[in-house]
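Single-structure report; data block below.
The values are calculated or read from the model by the stated rules, or taken from the named source; none is laboratory data. Since we're looking at a predicted model, the values are computed, not measured. Cβ atoms come from the backbone with ideal geometry, glycine included; neighbour counts cover every protein chain shown. Just so you know, the surface numbers come from the protein's heavy atoms only, side chains and all, with ligands and any DNA or RNA stripped out. Shrake-Rupley method; radii C 1.70, N 1.55, O 1.52, S 1.80 Å.
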Amino acid sequence: HFTEERAFQLRLVSFGFKRGAPIDADLVLDVRGMPNPFYVEALRPLPGTDPSVQSHVFSPASLELYTQLRTLTRDLAELANESGRHSYTVALGCGQHRSVAVVERLAADLADECDAHTEHRDLEAALQEKHG
């Protein structure tokens, strides 16, 4: 696991592809293949931080994919730490739902292993577009 001799930060960033991927990301992942709350009218206006949106995104069918994303994120961050880096940035893209939900869950799941920080780069803009 991560060494505790120095602070290592895992930065988890959600973003919308229509605004472009973050240029400072070490790894960019596309989560648009996960169940999309946009197509459920009651969930459409809600952010990926909402528990009902998260339940939809993490359906039984998508849990295996999420497990693989979590393992990949953890392993690459650990390799970066072992190589002497102080941080590693993983950007997850879709829009306002899936990437936000995945970032939140990754941060919670990896909290015991590293210092994980979340950033939802495009969430506010996406919500403003939906609500005028």
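Largest GNM mean-square fluctuation across His97, His86, His117, computed for the chain with C-alpha springs under 10 Å, falls on His86.
Between the helical axis of 60-82 and the dominant principal axis of the chain, each derived from Cα atoms, what acute angle in degrees is found, rounded to the nearest 10? In the chain, helix 60-82 runs at an angle near 30 degrees to the longest axis. The modelled label-to-label distance for the pair Glu113/Ala61, using points 7 Å beyond Cα in the direction of Cβ, is 2.7 nm.
Taking the C-alpha atoms only, the angle from helix 98-110 to the longest principal axis of the chain is near 30 degrees. Specify the residue with the greatest mean-square fluctuation among Pro47, Pro60, Pro37, computed from a Gaussian network of the chain linking alpha-carbon atoms under 10 Å apart. Largest GNM mean-square fluctuation: Pro60. Over the chain, with every protein chain in place, what whole percent of the accessible area is carbon and sulfur at 1.4 Å, could you tell me? So the carbon and sulfur contribution to the accessible surface is 50 percent. Loop-resident trypsin sites (Lys or Arg not before Pro) (DSSP state other than H, G, I, E or B) in the stretch 35-86 with no more than 16 further Cβ atoms inside 10 Å of their Cβ: Arg85. Note on the stretch 1-119: with charges restricted to the Cβ of Lys and Arg (+1) and Asp and Glu (-1), its dipole about the Cα centre is near 560 debye. The residues of the stretch 49-122 expose on average 44 square angstrom of accessible surface per residue, using a 1.4 Å probe on protein heavy atoms. Quick one, which of (i) 96; (ii) 168; (iii) 106 is the actual volume of the Cα convex hull per residue in Å³ calculated for this model? Recomputing volume of the Cα convex hull per residue in Å³ here picks out (i).
Across the options His117, Val57, Ser83, the greatest Cα extent toward the positive end of the charge dipole of the stretch 19-132 (unit charges at beta carbon of Lys, Arg, Asp, Glu) belongs to Val57.
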